[in-house]
Every structure is written in C-alpha cells, then in structure tokens.
C-alpha cells in the first residue's frame, strides 16, 4: 500500500488501511485516486499475479464499466473500453508491426488509459507511422519524418492501395492529415495541445497506416 502511495501520488492511505480496512480507504479516496490506484494494481498484477487481473476484468465487465483491463505487448493498465472490433484490429497491428507496433501500444495507453496524455498519444501515433513508412518510402533518409515521407510520396505520385480504381494520392493524404493535425509540434504562438478527441482520432488513423505500410499493402502502383 505504501508503494502504491509513492508511485501514484495519491494521498496517504496505508495507515488507515491498517487500522480500519479497505472500505475506509475507498471512503477517503477521490474518484480520480481510485482510478489511479486500480491502474497501479493492474500494472503490479501483470508482474506478480496475472489471475488478479482476470478477476478485475470480470468485475468490470459484469458491472458494465466503461473501463477494462488492457494489456498490449508488455504494457498493462486500466483503459477506456472501445468497440471490440476496433480493439482487436489495433491489437493485431501492435503485435505484428515491430517497433511501430510498440509505439502504437504506447500511444493507445496514453489515449485510453486511466491517466490520459493526448499530446503523448498523438506524438506516438505519428512516430509509429514514421517508423513503418520511412523505411519503405524513404529508405536512404536516416532523418526522415512523417512530413518528409508525405513529400516523397507526393513527388513520386504512385503510392496507392490495391483498390480499383486506384487513387495514388489517398495514402499520402491520410498521412498528411495525421501530420498536419499535430499543432503541438509548433512552438511559439501556434502551440496548442491536442484534445482527447483529436488524439484518439489520430491514433485510429495511424493504426491502418501502420498496418498497410508494414504489410506492403501500400506500394508503388500505376493508376488504373
């Protein structure tokens, strides 16, 4: 309990727990502190007591909670529940896309976790697409960013999905939308942190882009 106090920065509760039990602890905790405590317990269980997280997920699911136990690659924690199809599609990309998948996993926790960080989520979503796309589009540019990848795709003009009729501008437009939407990359008077909705939208746009670049679905093709 003291370890949780230190790592989550919640108010001191260990002494009250020892004297009066868990009910007294939950009585003095704010809703935010309860979420942070549960998030910490899930992370701790991932290292020492996996069955404990299974039990927590059952309680959350049966109680109709908007929260769930999330575990992506090596990261566990409390997450906002999203539609199961969206979640499964994202998880499949996370475990198959190497370093880009790891970055998506980190972005997912920042977007949907108990302590959301929209700025980190948006930044990691961009980095995930950069990781997947740069080695495909700009393999000779060790300093490639998503912006330079978009520029190269537009200059080459033939990167497309296997659709008929093919639209060679579609992948570049999707990547450019993700890149230009991150206003927080600007300094000075243009600086603005993304909202939670913007970060979630960016992440859900990054997922198919990472999958398409990693799998070779996006490739150089002649227009039909």
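The values are calculated or read from the model by the stated rules, or taken from the named source; none is laboratory data. Since we're looking at a predicted model, the values are computed, not measured. We place every Cβ from the backbone using ideal geometry, glycine too, and count neighbours over all the protein chains shown.
Name the one entry in 179, 212 that is surrounded by fewer than 23 Cβ atoms within 10 Å (Cβ to Cβ), in the same structural domain as residue 104 (by TED's automatic domain parsing) and within 29 Å of residue 68 (Cα to Cα).
Working: 179 fails: within 29 Å of residue 68 (Cα to Cα).
One residue alone meets the criteria, 212.
Looking at 176, 119, which is the one that is within 20 Å of the chain's Cα centre (by Cα), under 30 Å from residue 38 (Cα atoms) and in a helix (DSSP H, G or I)?
Values: 176 fails: under 30 Å from residue 38 (Cα atoms).
Checking each option against the conditions leaves just 119.
Does residue 192 qualify as being within 26 Å of residue 107 (Cα to Cα), assigned by TED's automatic domain parsing to the domain that holds residue 119 and either assigned to a strand (DSSP E or B) or modelled with pLDDT under 90 (or both)?
So residue 192 passes the test.
Looking only at the stretch 130-147, decide whether some residue is under 10 Å from the mean Cα position of the chain (by Cα), assigned to a helix (DSSP H, G or I) and touching a residue at least 60 places away in the same chain (Cβ under 8 Å). Spell out how you get there, then give the answer.
Filtering the stretch 130-147 down to residues under 10 Å from the mean Cα position of the chain (by Cα) leaves none.
No - not one qualifying residue is present in the stretch 130-147.
Please work out which one of (1) in the same structural domain as residue 209 (by TED's automatic domain parsing); (2) part of a loop (DSSP other than H, G, I, E, B); (3) out of contact with any helix residue (DSSP H, G or I) (no Cβ under 8 Å at 6 or more places or on another chain) is the condition residue 91 fails and give its number.
(2)
Does any residue in the stretch 38-58 that is farther than 22 Å from residue 25 by Cα come within less than 7 Å, Cβ to Cβ, of a residue that is in a helix (DSSP H, G or I) six or more places away or on a different chain, and which pairs are these?
From residues that are farther than 22 Å from residue 25 by Cα, the pairs are 46/53.
Here are the criteria: (1) surrounded by 14 or more Cβ atoms within 10 Å (Cβ to Cβ); (2) touching a residue at least 40 places away in the same chain (Cβ under 8 Å); (3) over 30 Å from residue 34 (Cα atoms). Tell me which single one residue 194 does not satisfy.
Every listed condition holds for residue 194 apart from (3).
Restricting the search to the stretch 95-116, which residues are assigned to a helix (DSSP H, G or I) and within 10 Å of the chain's Cα centre (by Cα)? Give the steps one after another, and end with the answer.
Going through the stretch 95-116, the residues assigned to a helix (DSSP H, G or I) turn out to be 95-96, 98-112.
If the condition is that a residue be assigned to a helix (DSSP H, G or I) and within 10 Å of the chain's Cα centre (by Cα), then 101, 102, 103, 104, 105, 106, 107, 108, 109, 110, 111, 112 are the ones that fit.
Which count do you get for residues in the stretch 50-104 that are under 18 Å from residue 215 (Cα atoms) and surrounded by 19 or more Cβ atoms within 10 Å (Cβ to Cβ)?
The first filter runs over the stretch 50-104 and keeps only residues under 18 Å from residue 215 (Cα atoms), leaving 88-104.
Pick out the ones that are also surrounded by 19 or more Cβ atoms within 10 Å (Cβ to Cβ) and you get 90-91, 93-94, 97, 100-104.
So the count comes out to 10.
So, residue 44, is that one modelled with pLDDT of 85 or more and surrounded by fewer than 17 Cβ atoms within 10 Å (Cβ to Cβ) or not? Lay out the reasoning, then the answer.
On the way: modelled with pLDDT of 85 or more: yes; surrounded by fewer than 17 Cβ atoms within 10 Å (Cβ to Cβ): yes.
Yes, satisfied.
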